[in-house]
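Notes to accompany the following structure.
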Amino acid sequence: MEIILLIVLILAETALAVISLTKFREKASRMKNRWIVTVCEAAAVIGIILLPTVYMKWRFICAVAVLFIRLLIELIVWLVRRKKAVGEKKKVFVILNWLLSVIIISFSMLPAFIFTNYNGLETTGEFNVKAVSAILVDKSRKDTFENDGSYREVPAHFYYPETDSGSYPLIVFSHGAFGYYQSNFSTYEELVSHGYVVVSLDHPHHAFFTEDTKGNTIIVDSKFMNDAMNVGSENVSIEEIYNVTKDWMKLRTDDENFVLDTIEQAKESLALSDAWHADDQTEVIKVLSMTDTDKIGLMGHSLGGATSVNVGRQRDDIDTVVVLDGTMFGEIIGVENGKYVYEKEAYPVPVLDFTKEKDYNDREQFKKDNGYAYINEYVIENAKDGKVSVFANAGHMDFTDLPLISPVLASMLGKGEVDSEEFVTQMNAIILNWFDYYLKNEGTLDIQAKY
């Protein structure tokens, strides 16, 4: 669709240039034709946006903005120069105007090419999926990223079955470093279609972007982003890694614990306290009424997986955890003699650890080089029921929907050689099998060690 639109826009500019060179070189005529062509181009882009089969419509906003700015400039030019527009437009200026227009239009269309027309994957369950959001304000904590003394705010996005009856297990998702709440959108939808309520959190200042209760956009903290990108480099000591990740874990686990506590309190009373900020409170209460808080699973990607593992140890109301290619930093409790010190008490709930083959091989090498197991391997070996699934040819972002949303960005951030749609479909099926088994006591586990 975006290719066709770009071709149409370039053809319109080309047609204007040809007409200007052959028939209407008069400045007044060209100004009029320029206005008509720009209006038609804007109408074409808006027409595309309005199509029901076009998703992620914001991909075309830049093109719309450019065209409307151009219309405004052309209107001003016409009002100022309409009486002075005499003589013919020189051919060189017509050609230069055409070239400049094509360049501007092409750049304005970049978001439409960087991002795909993605709207999730087809679900396999019986339920349609609905969504509602709220922001929960934790008045027991100040937001340390802010300088105005404001409280910590945690956006919570609910995905739930479109039904008026039933009780469904709760799954809470935590995104990775500079991720965002929709990072595994297809996974939420697949789970919900089979009868789950999924709550995906934003961790403000760790998320790429989110909003606060005032409607302000909160972008990722630059220091956090820099630290997150440096953690795996060779010149960072394990003491430094432990200290910085300990702070991350504290912030994120406090976020997740607060959300879980607030949900459970609201579920019990079926009323929202002043911690809740939601545009549709009635719908939020409806979701809470269908949520089974006696059956809770946690899940997260990357740093969100580490968060989920940490919360799973801290609470006695968690039934199972799924980690999507994340290092279990919270299970490291210190550093002694140049080595990590791990939590000795066995992990209390079943945990499924997804990892890519390269990282699994690095874990084996870590044990050979250091004489003790990598943290994930240690946790899995000592968990109530721990399993590792290793995926060949996968990259870090393959464990999210990003390769389906933007193959370009996914390749920059870490994509493997797998077919993205097949990989995510398979991953979602494994996650569903795991949660069905541990949260619904349904079926048998059919999870391989290697894929």
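Candidates are the residues of region 328-338 that are assigned to a loop (DSSP other than H, G, I, E, B) and over 24 Å from Tyr438 (Cα atoms); the one that is most open to solvent (accessible area, probe 1.4 Å) is Asn337.
Checked against the criteria, Val341 counts as over 21 Å from the mean Cα position of the chain (by Cα), surrounded by fewer than 20 Cβ atoms within 10 Å (Cβ to Cβ) and not acidic (Asp, Glu). Taking the listed residues Val86, Val92, the one that is modelled with pLDDT under 90 and in a loop (DSSP other than H, G, I, E, B) is Val86, with no other qualifying. Taking every residue in region 4-16 that is under 15 Å from Ile36 (Cα atoms) and pairing it with any residue that is open to solvent by 70 Å² or more (accessible area, probe 1.4 Å), at least 6 positions away or on another chain, the pairs with Cβ-Cβ distances below 9 Å are Ala12/Cys40; Glu13/Trp98; Thr14/Trp98; Leu16/Ile36; Leu16/Trp98.
Against the criterion of being of a type outside the set (Lys, Arg), farther than 19 Å from Tyr160 by Cα and surrounded by fewer than 17 Cβ atoms within 10 Å (Cβ to Cβ), Asp279 does not qualify.
Note on region 437-451: among residues that are in contact (Cβ under 8 Å) with a residue 60 or more places away in the chain and part of a helix (DSSP H, G or I), the one that is least open to solvent (accessible area, probe 1.4 Å) is Leu439. Residue pairs whose Cβ atoms lie under 8 Å apart, sitting 6 or more positions apart in sequence or on different chains, and linking a residue in region 329-355 that is polar (S, T, N, Q) to a partner that is surrounded by fewer than 21 Cβ atoms within 10 Å (Cβ to Cβ), are Thr355/Arg363; Thr355/Val388; Thr355/Ser389; Thr355/Val390. Can we say Met299 is in a strand (DSSP E or B) and either touching a strand residue (DSSP E or B) at 6+ places or on another chain (Cβ under 6 Å) or open to solvent by 50 Å² or more (accessible area, probe 1.4 Å) (or both)? Yes, satisfied.
Only one of the numbered conditions (1) buried (at least 17 other Cβ atoms within 10 Å of the Cβ); (2) over 35 Å from the mean Cα position of the chain (by Cα); (3) among the hydroxyl-bearing types (Ser, Thr, Tyr) is not met by Thr22, and that is (1).
Each row is one residue, and each column tells you yes or no for (1) more than 23 Å from the chain's Cα centre (by Cα); (2) at pLDDT 95 or above; (3) over 27 Å from Val192 (Cβ atoms); (4) part of a strand (DSSP E or B).
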position: Gln265; (1), (2), (3), (4): yes, yes, no, no
position: Ser308; (1), (2), (3), (4): no, yes, no, no
position: Arg313; (1), (2), (3), (4): yes, yes, no, no
position: Val323; (1), (2), (3), (4): no, yes, no, yes
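Rundown of residues vs (1) touching a residue at least 24 places away in the same chain (Cβ under 8 Å); (2) touching a Gly at 6+ places or on another chain (Cβ under 9 Å); (3) outside any loop (DSSP other than H, G, I, E, B), yes/no style:
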site: Asn119; (1), (2), (3): yes, no, no
site: Thr123; (1), (2), (3): yes, no, no
site: Glu126; (1), (2), (3): yes, yes, no
site: Lys130; (1), (2), (3): yes, no, yes
site: Ser133; (1), (2), (3): yes, no, yes
site: Asp138; (1), (2), (3): yes, no, yes
site: Ile171; (1), (2), (3): yes, yes, yes
site: Ser186; (1), (2), (3): yes, yes, yes
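Among the candidates Thr355, Thr327, Thr400, the residue that is under 24 Å from Val231 (Cβ atoms), of a type in the set (Val, Ile, Thr) and touching a His at 6+ places or on another chain (Cβ under 7 Å) is uniquely Thr400.
Within region 222-238, restricting attention to residues that are in a helix (DSSP H, G or I) and small (Gly, Ala, Ser), the residue that is most open to solvent (accessible area, probe 1.4 Å) is Ser222. Val244 falls short of the stated requirement of being part of a loop (DSSP other than H, G, I, E, B) and among the hydrophobic types (A, V, I, L, M, F, W, C). Whether a residue is within 26 Å of the chain's Cα centre (by Cα) and either modelled with pLDDT under 95 or open to solvent by 60 Å² or more (accessible area, probe 1.4 Å) (or both) was assessed, and Glu357 passes this test. Would you call Ile238 in contact with a Phe, Trp or Tyr (Cβ under 7 Å, 6 or more places away or on another chain) and without any contact (Cβ under 8 Å) to a residue 24 or more places away in the chain? No; evaluated as a whole, the condition is false for this residue.
Condition test on Val349, is it of a type in the set (A, V, I, L, M, F, W, C), surrounded by 14 or more Cβ atoms within 10 Å (Cβ to Cβ), under 30 Å from Val129 (Cα atoms) and within 24 Å of the chain's Cα centre (by Cα)? No; evaluated as a whole, the condition is false for this residue. Among the numbered conditions (1) open to solvent by less than 30 Å² (accessible area, probe 1.4 Å); (2) touching a His at 6+ places or on another chain (Cβ under 9 Å); (3) closer than 21 Å to Tyr188 by Cβ, the only one that Gly414 does not meet is (3). Considering every residue within region 427-436, establish whether at least one is more than 21 Å from Gly297 (Cβ to Cβ), open to solvent by less than 50 Å² (accessible area, probe 1.4 Å) and modelled with pLDDT of 95 or more. Scanning region 427-436 turns up no residue that is more than 21 Å from Gly297 (Cβ to Cβ), open to solvent by less than 50 Å² (accessible area, probe 1.4 Å) and modelled with pLDDT of 95 or more. Looking only at residues in region 168-217 that are hydroxyl-bearing (Ser, Thr, Tyr) and farther than 25 Å from Met427 by Cα, the one that is surrounded by the fewest Cβ atoms within 10 Å (Cβ to Cβ) is Thr217.
Select from region 378-413 the residues that are of a type in the set (Asp, Glu) and touching a strand residue (DSSP E or B) at 6+ places or on another chain (Cβ under 8 Å) and write down the one among them that is modelled with the lowest pLDDT. I'd like the intermediate steps shown before the answer.
Narrowing region 378-413 to residues of a type in the set (Asp, Glu): 381, 385, 398, 401.
Next, only the ones that are touching a strand residue (DSSP E or B) at 6+ places or on another chain (Cβ under 8 Å) stay: 385, 398.
Numbers: Asp385: 92, Asp398: 97.
Checking each candidate, the answer is Asp385.
In region 400-415, the residues that are on the phi > 0 side of the Ramachandran plot reach residues that are part of a helix (DSSP H, G or I) with C-beta atoms within less than 9 angstrom, at least six apart or across chains, in these pairs: Gly414/His396; Gly414/Met397; Gly414/Asp398.
The values are calculated or read from the model by the stated rules, or taken from the named source; none is laboratory data. Note that the structure is a prediction, hence the values are computed from the model and not measured. Note that we place each Cβ from the backbone using ideal geometry, even for glycine, and neighbour counts take in every protein chain shown. Accessible surface is based on the protein model in full, side chains and every heavy atom, while ligands, DNA and RNA are left aside. Shrake-Rupley method; radii C 1.70, N 1.55, O 1.52, S 1.80 Å.
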